[in-house]
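Encoded as structure tokens, the structure appears first; notes follow it.
The values are calculated or read from the model by the stated rules, or taken from the named source; none is laboratory data. Everything numeric here is computed off the predicted structure, so don't read it as measured data. Virtual Cβ from ideal backbone geometry, glycine too; neighbours counted across all protein chains shown. When the accessible area is computed, the model is the full protein with side chains, heavy atoms only, and any ligands, DNA or RNA have been set aside. Shrake-Rupley method; radii C 1.70, N 1.55, O 1.52, S 1.80 Å.
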Amino acid sequence: MDAEIKRLRWRCRRGTRELDQLVGWWLDERYPAADAELRQGFVNLLEQQDPDLWNWILGNGSPDDLQQARVINEIRARNRI
């Protein structure tokens, strides 16, 4: 799992420190204990464009994918956004 985490950590580098921290938090704190579906949702979420991620995190819409939406909701709840 260490190699997978390292690969995902690199993908969490989004270009803005704030977004890096938000998705990086989920990777560090939630990914190891998440089930396979939620992990895949996170991986798929990292494929989305930064403006879409920001909008979803700010509560302006949500991803169509249920697992991606769960990750976004956890990020929002943890950060009280």
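Worth a mention:
- Count - residues of the range 52-65 that are in a loop (DSSP other than H, G, I, E, B), open to solvent by 60 Å² or more (accessible area, probe 1.4 Å) and within 21 Å of Gly15 (Cβ to Cβ): 2
- Condition met for Leu19 (in a helix (DSSP H, G or I) and either under 18 Å from Ala77 (Cβ atoms) or open to solvent by 70 Å² or more (accessible area, probe 1.4 Å) (or both)): yes
- The single residue among Gln68, Gln49, Gln40 that is open to solvent by 70 Å² or more (accessible area, probe 1.4 Å) and touching a residue at least 24 places away in the same chain (Cβ under 8 Å) turns out to be Gln40.
- Test: Arg9 is assigned to a loop (DSSP other than H, G, I, E, B), basic (Lys, Arg) and touching a Leu at 6+ places or on another chain (Cβ under 9 Å): no
- Residues located in the range 22-37, provided they are part of a helix (DSSP H, G or I) and open to solvent by less than 50 Å² (accessible area, probe 1.4 Å): Leu22, Val23, Gly24, Trp25, Trp26, Leu27, Tyr31
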